Each structure stands twice: as C-alpha cells, then as structure tokens.
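Structure first, then comments.
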Amino acid sequence: MKKTLLRVAYLGMFLALAMIVSYVEFLIPVFPSIPGIKIGLANAFVLIILYHMGAKEAWIVNFLRVILSALLFTNFYALSYSLAGAVLSLLVMTLLYRKEKVFSSVGVGMLGGLAHNTGQLIVAFIITNAKAILAYLPVLLVAGLVCGALTGGLAKLLNPVMKKIMHAND
C-alpha cells in the first residue's frame, strides 16, 4: 500500500513538473525565428519515469500532460500536433530505453525528438494537405536531434538523483 501511494505521489509530482516546464516553454519561445520548435524539456521527466517506473506510467503521465497542457494553454489544433508528436516519440523511446548497451538516455532522447517532430509534421501535412510543408522536414529533424539531446541530457543528469530519491524506501 505504501509503495503504491509513493508511486502515485511521484507520478503526480512528475506530471506537475512536466506541465510547469511545458508552460514556461510555451511562454518563452527558445527559437522564436523557427515556428513550432521547442526544446521539449518536459520529456526529460517522461524519460525519468520510463527508466525508473516503467512504460505504462510514462504513457499515463505523457498523455495527461499533453491533454491538460492543451486544455489550459492552447487549442484543439495544438493538441493534435502535440498528441501525434508525443505518441510517436514515446513509442520510439519505449522501444529503445531498455537497450542501454546501444542507446544512452541522450540517444533515446534524440531519437524521441526525431519521432516527435516527424509526428507533428505528419499531422501538419494531413491538416493542410500541402506537400510544400515537407520541405520543413530537414529543419525539424535537426531540431529534433538537438532538442532531444538536451532533453536526454537533462534526464541523464537528473537520473542519479531521482534514482536515489525514488528508491530510498526499497
């Protein structure tokens, strides 16, 4: 019972942290000259959950973060982009995070960033039906790699601390 309550508390904490970071990134664009590109630091918390609690918990927090952030800060169109990116990104990260001998959390974050931007571009193409939007793919792929490296690096930096905190009662 105590472990279950602790897990729920940690998930709530990570959801709150991810939403706060998402909101700050929404308010302060890091790349104002390039539309739609954010670092996505909230994904660092999703990666930490993935590594320390498991895929199911990461999916729950990621889904709730996207839905709640869209309801609070954006609109339906932003939700469709965010949801597509989040689902594709977390799918890739879920498949790769256990391959620690091949991919570090930085590598997992980078590939997740690529998948996230690809998912968003697919939705943009479906909504606009404009082939010209595909010309934006190289920019999004580079941004996905750079931002994913930052996200994965933050998760790597926080992992030892979070492991100590989360597993102190084991």
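Mind listing whichever residues of region 84-103 are free of Cβ contacts under 8 Å to residues at least 24 places away in the same chain and either under 15 Å from THR151 (Cα atoms) or part of a helix (DSSP H, G or I) (or both)?
Restricting attention to region 84-103, the residues satisfying the condition of being free of Cβ contacts under 8 Å to residues at least 24 places away in the same chain are 92, 95-96, 98-103.
Correct list: VAL92, LEU95, LEU96, PHE103.
Checking PRO29 against (1) under 20 Å from PHE125 (Cβ atoms); (2) not in a helix (DSSP H, G or I), which single condition isn't satisfied?
So PRO29 meets the others, but not (1).
Out of curiosity, is SER104 in contact with a helix residue (DSSP H, G or I) (Cβ under 6 Å, 6 or more places away or on another chain), closer than 17 Å to GLY153 by Cβ and of a type in the set (Ser, Thr, Tyr)? Explain how you work it out, then say what you get.
Numbers: in contact with a helix residue (DSSP H, G or I) (Cβ under 6 Å, 6 or more places away or on another chain): no; closer than 17 Å to GLY153 by Cβ: yes; of a type in the set (Ser, Thr, Tyr): yes.
For SER104, the condition - in contact with a helix residue (DSSP H, G or I) (Cβ under 6 Å, 6 or more places away or on another chain), closer than 17 Å to GLY153 by Cβ and of a type in the set (Ser, Thr, Tyr) - is not met.
Taking region 115-141 only, how many residues are within 17 Å of PHE31 (Cα to Cα) and among the hydrophobic types (A, V, I, L, M, F, W, C)?
4
Does at least one position in region 69-81 carry a residue that is within 21 Å of ILE165 (Cβ to Cβ) and more than 11 Å from the chain's Cα centre (by Cα)? Can you show your working first?
If we filter region 69-81 for residues that are within 21 Å of ILE165 (Cβ to Cβ), which is where we start, we get none.
No, there is no match, as no residue in region 69-81 is within 21 Å of ILE165 (Cβ to Cβ) and more than 11 Å from the chain's Cα centre (by Cα).
Which condition number in (1) under 13 Å from the mean Cα position of the chain (by Cα); (2) closer than 23 Å to MET110 by Cβ; (3) of a type in the set (A, V, I, L, M, F, W, C) is the one that PHE31 fails?
Of (1) under 13 Å from the mean Cα position of the chain (by Cα); (2) closer than 23 Å to MET110 by Cβ; (3) of a type in the set (A, V, I, L, M, F, W, C), only one is false for PHE31: (1).
Of these, THR74, THR94, which one is surrounded by fewer than 17 Cβ atoms within 10 Å (Cβ to Cβ) and under 22 Å from LEU140 (Cα atoms)?
Working: THR94 fails: surrounded by fewer than 17 Cβ atoms within 10 Å (Cβ to Cβ).
Answer to the check: THR74.
Tell me yes or no: at least one residue of region 104-124 is among the hydrophobic types (A, V, I, L, M, F, W, C), free of Cβ contacts under 8 Å to residues at least 24 places away in the same chain and either over 16 Å from ILE37 (Cβ atoms) or not in a helix (DSSP H, G or I) (or both). Don't jump to the end; show me each part of the working.
Initial filter on region 104-124 (among the hydrophobic types (A, V, I, L, M, F, W, C)): 106, 108, 110-111, 114-115, 121-124.
From what's left, free of Cβ contacts under 8 Å to residues at least 24 places away in the same chain: 121.
With the extra rule that they be either over 16 Å from ILE37 (Cβ atoms) or not in a helix (DSSP H, G or I) (or both), the set shrinks to none.
No, the conditions are met nowhere in region 104-124.
Which of the residues belonging to region 1-44 are loosely packed, with under 14 Cβ neighbours inside 10 Å and either in contact with an Asp or Glu (Cβ under 7 Å, 6 or more places away or on another chain) or of a type in the set (Lys, Arg) (or both)?
LYS2, LYS3
Kindly indicate the residue of region 127-146 that is under 19 Å from ALA78 (Cα atoms), of a type in the set (Gly, Ala, Ser) and part of a helix (DSSP H, G or I) and also farthest from the chain's Cα centre (by Cα) among those meeting that condition. I'd like the intermediate steps shown before the answer.
Restricting attention to region 127-146, the residues satisfying the condition of being under 19 Å from ALA78 (Cα atoms) are 127-130, 133-134, 136-137, 140, 143-144.
Filter once more, keeping what is of a type in the set (Gly, Ala, Ser): 130, 143-144.
Filter once more, so that each one left must be part of a helix (DSSP H, G or I): 143-144.
Details: ALA143: 14, GLY144: 11 Å.
That would be ALA143.
Coordinate-derived values only; no laboratory data. What you are looking at is a predicted structure, and each value in this text was computed from that prediction instead of being measured. We place every Cβ from the backbone using ideal geometry, glycine too, and count neighbours over all the protein chains shown.
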